[in-house]
Amino acid sequence: MKKIGIISGSGLYEIKGLTIKKRKKLSTPFGSPSDHYTIGYIEDAEVIFLPRHGSHHSIPPHMINYRANIWGFKKLGVERIVSISAVGGINKSCKPGNIVLLDQIIDMTRNRKSTFYDGKSISPQSPGSVVHIDFTEPYCPALRRTILKAGTKAGITLNKTGTYMAVEGPRLETAAEIRAFGKLGSDVVGMTGMPEASLAREAEICFSGISVVANYAAGINRHRLTTTEVIKEMRAASEKIKKLLRQTIIILPDRTGCSCADALKEAKI
Ligand code: HPA
């Protein structure tokens, strides 16, 4: 049976249409995940859902235990994760309300525990190893293709590519930072995309990032940014996201056409 993990962000704390079978609280060698995992079914697929900020949005981006969250999915046998996040739009083609299927990342976070393989932790496969995963394509290309197809089938317009600038937060950016990020080639900016994506690769789980543009990033239009605006846009986009996820889950083929499941092959020293 297909087993799909969904990580959701600001303004999206549950998936309607999910027939819930159980909730599972897990502990991991890295501490506690953000919340219990909600396990249910959409058609014939098992869907495992986790709100990364907790169900009451009590965990800020820099305090999320990314390692525990991904480890928990691995422990539950999840092979593919779709991660939903709120972002600010930098590129003019990323407007509030747009849904961006990410294809690249620039990582500016520096203070997060970003690997299972720090030489002393217990890692999914073997403790204490040194690992350098290939991250040329940070998102699973096969899962991206399925989501693109699902978008067409469900009539949901997607921005088909987008480079995600990952920042530490929790503050929003300055106008000069956003200008610089644009020059570096990023299209959107967010606080939670990393190390989620690279940890999933280390765990050999296919991972895809879908971002909802919640606001124009700092300095792009002149008004003050508010979290009220972010939550409002995420809620407004939630019907479309649900349709897109549902269609993705329905048409998701067996896990073929990518090398995510072999990410650790020849990656260990
Ligand atoms: N910057 C960083 N993270 C965000 C933003 C933003 O403008 N909007 C939503 N998440």
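The values are calculated or read from the model by the stated rules, or taken from the named source; none is laboratory data. The structure presented is a predicted model; accordingly, all values stated were derived computationally and were not measured. For neighbour counting, all protein chains shown are included, and Cβ atoms are generated from backbone atoms with ideal geometry for every residue, glycine included.
For the reader, a short list of remarks on this structure follows.
- Scanning the stretch 149-171 for residues that are hydrophobic (A, V, I, L, M, F, W, C) and either assigned to a helix (DSSP H, G or I) or away from the ligand (no atom under 16 Å from the Cβ) (or both) yields A150, A154, I156, L158.
- Test: residue in the stretch 186-196 that is within 22 Å of S259 (Cβ to Cβ), among the hydrophobic types (A, V, I, L, M, F, W, C) and at pLDDT 95 or above: yes
- Candidate set from the stretch 86-96 (those that are in contact with an Asp or Glu (Cβ under 6 Å, 6 or more places away or on another chain) and surrounded by fewer than 21 Cβ atoms within 10 Å (Cβ to Cβ)); member that is farthest from R52 (Cα to Cα): N91
- Elements of type strands (runs of 3 or more DSSP E) in the stretch 14-99, at least 1 residues being within 16 Å of the ligand (Cβ to nearest atom) and closer than 30 Å to E177 by Cα: 45-51, 80-89
- Residues in the stretch 172-222 that are assigned to a loop (DSSP other than H, G, I, E, B) and touching a Phe, Trp or Tyr at 6+ places or on another chain (Cβ under 9 Å): 10 in all.
- With respect to the stated conditions, K120 fails to be at pLDDT 95 or above and away from the ligand (no atom under 16 Å from the Cβ).
- When the stretch 36-75 is limited to residues that are charged (D, E, K, R) and closer than 28 Å to I251 by Cβ, the one that is surrounded by the fewest Cβ atoms within 10 Å (Cβ to Cβ) turns out to be D44.
- Lone unmet requirement of (1) over 30 Å from K75 (Cβ atoms); (2) buried (at least 18 other Cβ atoms within 10 Å of the Cβ); (3) not aliphatic (A, V, I, L, M) for R179: (2)
- For Q104, the conditions (1) more than 21 Å from S34 (Cβ to Cβ); (2) surrounded by 24 or more Cβ atoms within 10 Å (Cβ to Cβ); (3) within 14 Å of the chain's Cα centre (by Cα); (4) not charged (D, E, K, R) all hold with the exception of (2).
- Considering residues of the stretch 152-191 that are among the polar types (S, T, N, Q) and touching a residue at least 40 places away in the same chain (Cβ under 8 Å) only, the residue nearest to V100 (Cα to Cα): N159
- Of the residues examined, K183 is not one that is out of contact with any Leu (no Cβ under 8 Å at 6 or more places or on another chain), more than 21 Å from L50 (Cα to Cα), within 14 Å of the ligand (Cβ to nearest atom) and charged (D, E, K, R).
- Near pairs, Cβ below 7 angstrom, 6+ apart or cross-chain, from the stretch 64-85 (at positive phi) to any residue that is surrounded by fewer than 24 Cβ atoms within 10 Å (Cβ to Cβ) and not in a helix (DSSP H, G or I): G77/K3
- Among the residues of the stretch 207-241, those that are more than 12 Å from the ligand (Cβ to nearest atom) and under 15 Å from the mean Cα position of the chain (by Cα) comprise F207, S208, G209, I210, I241.
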